[in-house]
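Accompanying notes for the structure given below.
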Amino acid sequence: MEREEIVQEAIRQFQLNGLKFTMNDIAASLHIAKKTIYQFYVSKEELLSAMLEYGFRQIQEKKQEILSSDLELTDKIRMVMVAMPHQYQVLDFRKLSDLHQKYPGVSEELVGYLENDWEPVIRLLEEGVKEHKIRPVSIPILRTMFTASLESFLSSDMLTEEHISYNEALEQMMDIIMNGIKEHNYEKTN
């Protein structure tokens, strides 16, 4: 049994049960004793941290794939900001809404992951401004707006209540960021 197998099964159990999954669920699914899991992870909180680290490592790999692609610059910006490996697109991240209450340490780690590693995005944004593909914007404000939105999506029930998936929310957010809210074909009539 390897650590990664346990993490992958924990991710699968999260998809099924949200944060209510148990170490017993993982052990039963992997056909191992629960104590085997505890040899690798002393608590569910430690396992959740490992899940985050694993997931964000996968996201970084996806970002690198996008950055090295031949995509048009604005498409790269859009895609790298919401990079999500294919296997995570089926996860219902709305199930994380009570993470802050139940696992505040893991919640803080999640916020740290969201707020870090902006250098590639910043470089793309600066390149976009230089090439006149996007208008000059305050990158610190854009970064704050973006990360605050992600944190809100993950910590509130708004998406569930509005029947919006996490991926749909990301796409809509990026549409607003990239296109604004102004109707481009709007003609002012007086």
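The values are calculated or read from the model by the stated rules, or taken from the named source; none is laboratory data. These numbers come from a predicted model, not from an experiment. Ideal geometry is used to build each Cβ from the backbone, glycine not excepted, and the neighbour counts take in all protein chains shown.
Being at pLDDT 95 or above and either assigned to a helix (DSSP H, G or I) or under 22 Å from the mean Cα position of the chain (by Cα) (or both) narrows it down to one of Glu61, Glu5, so name that one.
Being at pLDDT 95 or above and either assigned to a helix (DSSP H, G or I) or under 22 Å from the mean Cα position of the chain (by Cα) (or both) holds for just one of Glu61, Glu5, which is Glu5.
If you take the residues in region 4-45 that are touching a helix residue (DSSP H, G or I) at 6+ places or on another chain (Cβ under 9 Å) and among the β-branched types (Val, Ile, Thr), which one is farthest from His100 (Cα to Cα)?
Ile32
So which residues in region 115-142 are under 16 Å from Ile77 (Cα atoms) and under 14 Å from the mean Cα position of the chain (by Cα), if there are any at all?
Those that are under 16 Å from Ile77 (Cα atoms) and under 14 Å from the mean Cα position of the chain (by Cα): Asp117, Trp118.
Can you confirm whether Arg94 is in contact with a Ser or Thr (Cβ under 8 Å, 6 or more places away or on another chain) and closer than 25 Å to Val7 by Cα?
yes
Matching residues to (1) farther than 13 Å from Ile11 by Cβ; (2) of a type in the set (Asp, Glu):
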{"position": "Gly55", "(1), (2)": "no, no"}
{"position": "Ile66", "(1), (2)": "yes, no"}
{"position": "Leu71", "(1), (2)": "yes, no"}
{"position": "Arg78", "(1), (2)": "yes, no"}
{"position": "Ala83", "(1), (2)": "yes, no"}
{"position": "Asp92", "(1), (2)": "no, yes"}
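Name the residue, out of Leu125, Leu96, that is in the same structural domain as Ser165 (by TED's automatic domain parsing), crowded, with 17+ Cβ neighbours inside 10 Å, modelled with pLDDT of 90 or more and within 24 Å of Asn167 (Cβ to Cβ). Quick ask: steps written out before the conclusion?
On the way: Leu96 fails: modelled with pLDDT of 90 or more.
Just one listed residue meets the conditions, Leu125.
Since Leu114 meets every condition but one in (1) at pLDDT 90 or above; (2) part of a helix (DSSP H, G or I); (3) of a type outside the set (Ser, Thr, Tyr), which condition does it not meet?
Result: Leu114 passes all but (1).
Residues in region 8-44 that are surrounded by 13 or more Cβ atoms within 10 Å (Cβ to Cβ), in a loop (DSSP other than H, G, I, E, B) and free of Cβ contacts under 8 Å to residues at least 24 places away in the same chain: how many?
Looking only at that region, the number is 1.
Considering only region 119-139, state which residues are hydroxyl-bearing (Ser, Thr, Tyr) and in contact (Cβ under 8 Å) with a residue 40 or more places away in the chain. Reasoning before the result, please.
If we filter region 119-139 for residues that are hydroxyl-bearing (Ser, Thr, Tyr), which is where we start, we get 138.
Across region 119-139, there are no qualifying residues.
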